[in-house]
Every structure is written in C-alpha cells, then in structure tokens.
Amino acid sequence: MSIVLNYSEGRSLRPQIGSVTLSVLVAIFLMATANNTFWGKATLLLQGQTVALIYLAFGLTCAFIALCVSFSLKFLIKPFLIVLILFSASTSWFMDSYGTIIDVNMLQSAVDTTDAEAGHLVTSAYMWHMFIFGILPALLVGWVRIRHRTYLQKVKWNMVVIIPALVFFFVAALSHASTYLSLGREHRDWFATLNPIAPIVNVVKLVIRTTSNQHIVVQPLGTDARVYSAAPSGKPRVTIIVAGETGRAESFSLGGYGQLTNPELSKQDITYFPQTSSCGTITEVSLPCMFSVYTRKQYTHRKGLETENLLDVLGHAGIKTEWWDNNTGDKKIADRTAYQPLYKSGNPAYCKDGECLDSILLDQIDNWLDNVKSDSVLVIHQLGSHGPAYYLRYPEEYRRFTPDCRTSEFAKCSRQEIINAYDNTILYTDHIISTVIDKLKARETRISPSMIYMSDHGESTGEYGLYLHGAPYFMAPTQQTHVPFVLWLGQEAKTEVDAKCLAAEAVKPHSHDNLFHTVLGMMHVETTVHDKALDALAPCRQGQSS
C-alpha cells in the first residue's frame with residue numbers, strides 16, 4: 001500500500017492512493033470512530049477477557065476491510081466510501097448521544113418525521129460531529145486521486161486482501177465463539193449497535209418491507225357491527241379518544257410520581273389505570289397497533305396496513321368518526337374517515353416553525369361538540385411530550401418545574417433540567433386532558449359523553465444512559481413501555497358501570513390491547529370482533545350484553 005503525490009500542469013497537487021489502500025484506511029477509520037457505543041458495550045461485557053476483546057476488534061476490522069475492498073471498483077469506490085462515511089457519522093451520533101438502536105422501526109420513524117421534528121435533532125453539536133467525522137473525511141476521499149489497476153490485476157490484488165481478511169475474521173470469531181454467541185444472545189442490543197453494518201442491514205429490510213407493502217389491499221373488519229342499544233336518555237353517545245404522545249406513566253403523579261404533574265386531573269372524577277403497557281416504543285408501531293384488533297404479540301406492520309381498524313368498525317356500526325392530528329400524521333389509521341391535519345394549519349395563535357401547541361386541538365372542540373347529532377367518536381392526536389425539544393411543547397404559564405432545559409442539545413443541560421422540561425410537558429398534557437373533560441361535562445344536557453386518554457409510548461430521560469424513545473421492545477426500559485391510561489365517564493355512562501368493580505379492575509395490568517375492545521364496549525357496538533376479555537369495562541358493565 002502506498003500514497004504518492006502527483007503533479008501535472010494545470011492541476012493542483014493531489015495525493016494519489018491505491019484503491020485497496022484507501023478502502024483499508026476507511027474501514028479502520030470507521031471501526032475506530034463510528035463505533036463508540038459498540039466498543040463501550042464490548043468493553044463492559046468482556047471485562048476481564050482482554051484476549052477475547054482484542055480478537056473481536058481484530059476480527060471485525062478484518063471483516064470490514066474485506067467488505068470495503070470488495071467495492072473498490074472504478075466509478076464505484078468513491079461514491080460507496082463517501083456514502084458509508086456520511087451514513088456512519090450520522091448513525092453514530094444518535095447511538096452515542098441518545099443510546100438509540102437504528103432498527104427498522106427507528107428508520108421508519110425517521111422517514112415519517114416532519115421537517116420541524118427533524119430540525120430539533122439537527123443541533124449544532126450534531127453538525128460539528130458530522131463536519132469532523134463525516135464531511136471532512138468524505139471530502140478527503142473525494143479529493144484524492146485513486147490508482148486503479150487493470151481488471152485482472154484488480155481482481156488479483158483485491159483477493160490478496162479479501163481472502164486473508166476473511167480467514168482472520170473467522171479465526172478470531174471461532175477462537176471465542178461460545179463467549180461471543182452467549183453474550184450476543186443475552187445482550188441482543190450489543191451487535192445491534194455495530195455501525196454501519198447493523199443500520200445498513202436494517203435499511204435493506206425497510207426497503208424490502210416498503211416495497212412488499214406497496215400493493216396491499218385492505219381487508220374489511222367487523223362489517224357485522226351495529227349499535228345494540230341507544231343511550232337510555234336518547235342522547236348521542238360521544239367518546240373523545242386523546243391519543244397521547246411520549247407520555248410515560250412514571251412521570252404521572254396520578255401514579256405516585258413525586259412532582260405534582262397532574263394537578264387538574266387529580267380533581268376530576270376519573271379512573272386511572274396504573275399498570276398499562278404499550279405495544280411499541282415509537283409512534284409508527286404503537287399508534288396503529290393501539291387502534292388495531294391485534295394484540296401486541298399478534299401485531300405486525302403489514303397486518304396493521306392490510307386490516308381495517310377501530311375507526312372502520314365504528315363506521316360500519318353507523319357511528320361518526322373523525323381524527324384531528326397535531327403530530328406527524330395518523331399512520332394510515334384514518335385513511336377511511338374524516339381527517340384534519342391541524343399541525344399543518346400554521347395558525348399563528350398556536351403554531352410556530354411548523355409545529356403547534358396542543359391547545360390547537362381544543363380550539364375547535366366546542367364547535368364540534370355543539371354540532372354532534374348522532375353517536376360519534378373523535379380522536380385527537382397530541383404532539384404531547386415529543387423530544388428532544390420539550391421546552392417547545394408547553395406555553396410559559398406551564399413552565400412550573402425549573403430550571404428547565406431550553407434547548408434540544410441535552411449535552412448543554414443537566415439531567416434534572418431535562419427532567420423538569422419533560423415534567424412540564426406532562427403538566428400541560430394534564431391541562432389538555434382535563435379541559436377536554438370539562439368541555440364534555442358542559443354538554444351533558446345534550447350528549448352522553450366519555451373520554452379515554454392513552455399514550456402511544458413513554459420516554460427515557462437519562463435512565464441507563466438512554467434518552468428519548470425507540471429502543472427495541474426486547475430491551476426497552478419501563479420508562480419507554482409503561483404508559484398512562486385515563487378514563488372519564490359522564491353521568492349517564494357511569495350508571496352502566498359498577499364503580500367498585502371498576503376501581504378494582506383498574507389496578508390490574510392493562511395494555512394497548514384493551515383500547516379497541518373497550519371503545520367498542522363504551523359505544524355499545526356488537527360485533528364478532530369485540531373480545532370482552534380485552535374490554536376493560538366488560539367485567540363491570542351492568543345489565544348489558546354484546
């Protein structure tokens with residue numbers, strides 16, 4: 001391997017380097033600079049096993065060298081290495097800064113995110129990281145001149161490097177195979193952070209999944225649905241579902257959290273379900289799963305796309321449904337119902353830089369409720385506590401826990417400041433939910449109202465070194481999977497449920513699996529897809545059958 005300087009008239013001085021040499025250097029650079037999280041886990045897991053750690057580092061570097069050299073072809077090598085460098089620099093930032101695992105669902109979340117949401121992640125620290133570990137190395141690769149041998153010579157010399165590298169990799173792997181395999185099985189998040197191999201594999205999986213899902217035909221569900229009994233008063237039954245965003249149960253004072261984050265809800269006549277788990281750890285999984293007929297164990301992305309959901313079944317029963325969104329969209333749940341993307345309104349009273357405070361969801365509820373004439377279900381999808389820009393999720397009057405982190409760059413804040421900012425978002429969500437209840441109460445003379453609040457997933461605020469959400473479910477901490485579930489029943493709806501029974505049932509474990517069936521029960525919908533075992537109110541419903 002050699003690097004020489006070459007100068008010719010009319011051209012600037014540029015170093016000249018062999019294609020194999022450049023590939024080897026880039027491979028070593030990426031293994032050394034883009035894998036801090038992986039090597040940190042490896043050092044911890046292989047503590048006291050120095051030889052195994054050395055063999056692992058040597059073997060993986062050899063494997064990556066073999067990969068890079070395989071792409072050292074004319075017209076391919078530079079684009080390949082440049083994309084690899086930039087991609088690795090970006091993924092390593094999120095792994096190292098937030099403890100993120102770049103799996104298929106996380107990549108899907110990145111694809112679906114809005115410009116405003118993405119902008120909060122593109123901080124000055126991120127840009128500096130990209131400049132040092134991505135842009136500068138990529139420019140260097142683009143600047144140097146690469147010497148290419150003839151085709152046969154290239155094959156020969158590439159094989160001289162690739163074959164020994166692969167041999168060394170297998171020797172290193174086999175030397176401590178039982179150790180690597182056992183630790184890998186026990187700590188599946190370890191090799192999921194191997195950068196850029198694991199993220200690239202997941203990009204391929206996402207492309208395959210997206211391609212295979214392009215021609216899905218949605219299958220009907222619950223077409224036999226009907227409302228089996230009208231409200232005794234003859235009033236329209238109305239349920240508002242507040243689909244929360246990034247609200248974690250461990251920060252709800254209703255469940256015993258130390259800071260008073262639920263001062264308004266604590267004064268309402270509600271039922272709180274303290275042991276509720278989510279279907280996933282990102283919106284792209286949890287939200288469609290919440291509204292699907294499938295349990296968490298049954299649910300897949302494809303099943304969610306190809307099967308009608310709760311709103312469709314309600315529609316089959318003749319119930320009016322509508323979805324108002326202040327997040328990144330409905331994830332195709334509301335494809336067949338009335339839909340309002342309020343986050344796109346740009347209303348200056350609530351919105352700034354492409355995002356809106358959740359009070360925009362309250363703005364139109366009075367008018368909607370005043371015009372309800374038949375059984376109806378309204379879903380309002382919050383922006384809630386979505387990070388890292390927690391400070392933008394609540395107005396100044398709800399900035400009660402201070403000092404609070406006033407930036408998206410967590411490195412500039414103490415952990416307590418981050419927690420305070422997050423708690424302020426929960427305080428504001430408390431106000432939103434309580435206000436929805438007050439608006440429903442005010443109209444009980446003409447409607448029979450109910451309300452359900454359930455968050456899509458939780459959030460990490462530094463526990464175990466993790467921030468934000470999106471950890472694979474198998475390794476996700478409770479902060480990301482333990483979610484708040486709040487139920488409020490109007491006066492008429494209360495007469496249908498035994499209060500003591502409900503209080504006893506509420507403390508039992510619940511999950512997103514319950515939402516679909518509980519709402520059908522609350523709206524008195526009879527259908528073969530209604531599973532009373534998953535209807536949270538069924539054990540306490542008085543004198544009714546479905």
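Data overview
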quantity	calculated
Relative packing of 95-105, 514-524, which averages over residues the other C-beta atoms within 10 Å, highest first	514-524, 95-105
Between helix 197-212 and the chain: long-axis angle, C-alpha atoms, 0 to 90°, nearest 10	50 degrees
Estimated inter-spin distance, Arg147 and Gln16, nm [label 7 Å along Cα→Cβ]	0.7 nm
Label-point separation, Ser414 to Val155 (7 Å along Cα→Cβ), nm	6.6 nm
DSSP bridge orientation in the stretch 236-540 - percent antiparallel, rounded to nearest 5	35 percent
Whole-Å distance, taken between Cα centres, linking the stretch 54-98 and the stretch 370-443	41 Å
Over the stretch 236-540, volume per residue of the alpha carbon convex hull, in Å³	126 Å³
Ranked Phe191, Phe133, Phe252, criterion: other C-beta atoms within 10 Å, fewest first	Phe191, Phe133, Phe252
Peptide ranges 175-181, 533-539 listed from the most packed, as the mean C-beta count within 10 angstrom indicates	533-539, 175-181
Contour minus Cα-Cα distance for Ile132 and Leu174 (0.36 nm per residue)	11.5 nm
Cysteines without a disulfide-compatible neighbour (Cβ-Cβ under 4.7 Å), the chain	Cys62, Cys68
Given charges at beta-carbon only (K, R positive; D, E negative), |dipole| of the stretch 236-540 in Debye	200 debye
Hits among lysines - C-alpha to C-alpha of Lys439 under 30 Å, sequence gap 8 or more where chains match	Lys235, Lys267, Lys320, Lys331, Lys332, Lys344, Lys352, Lys373, Lys494, Lys500, Lys508, Lys532
Additional length obtainable on full extension of the chain from Asp363 to Thr495, 0.36 nm per residue less Cα span	44.5 nm
Rounded to 10°, Cα long-axis angle of helix 77-98 versus longest principal axis of the chain	50 degrees
Label-to-label distance, nm, for residues given as Thr211 and Val83 (7 Å Cα→Cβ offset)	1.4 nm
Long-range tail of P(r) for the stretch 422-546 (Cα pairs > 24 Å, %)	40 percent
Cα Rg, Dmax (largest Cα-Cα span) when computed across the stretch 51-159, Å	17.4, 51
Antiparallel bridge percentage (DSSP; both residues within the chain; nearest 5)	40 percent
Option label - Cα extents along the principal axes in Å computed here, alternatives (i) 90, 49, 47; (ii) 78, 51, 42; (iii) 72, 54, 46	(i)
Acute angle (nearest 10 degrees) that the helix 513-522 long axis makes with the longest principal axis of the chain, alpha-carbon atoms	20 degrees
Proxy reagent accessibility, fewest Cβ within 10 Å first, across Thr337, Thr210, Thr50	Thr50, Thr210, Thr337
Three-way shape call for the stretch 242-344 based on the alpha-carbon gyration tensor, with the a/c threshold at 1.5	prolate
Residues His530, His316 arranged by fewest to most Cβ contacts within 10 Å	His316, His530
Over the stretch 3-212: Rg over Rh, Cα atoms, Kirkwood Rh	1.00
Helix-only [θ]222 nm of the chain, DSSP H runs n ≥ 4, -39500 (n - 2.57) each, per residue, nearest 500	-13000 deg cm²/dmol
Given charges at beta-carbon only (K, R positive; D, E negative), |dipole| of the chain in Debye	2200 debye
Mean separation of Cα contacts under 8 Å, 6 or more apart, over the residue count of the stretch 3-212: relative contact order %	36 percent
Rg/Rg_ref, the stretch 40-94, where Rg_ref = 2.2 N^0.38 Å and atoms are Cα	1.47
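Only the coordinates and a few stated rules stand behind these numbers; no lab work does. Because the structure is predicted, anything quoted here is derived from the model rather than measured. Don't worry about glycine lacking a Cβ; one is built from the backbone with ideal geometry, like all the others, and counts go over all protein chains shown.
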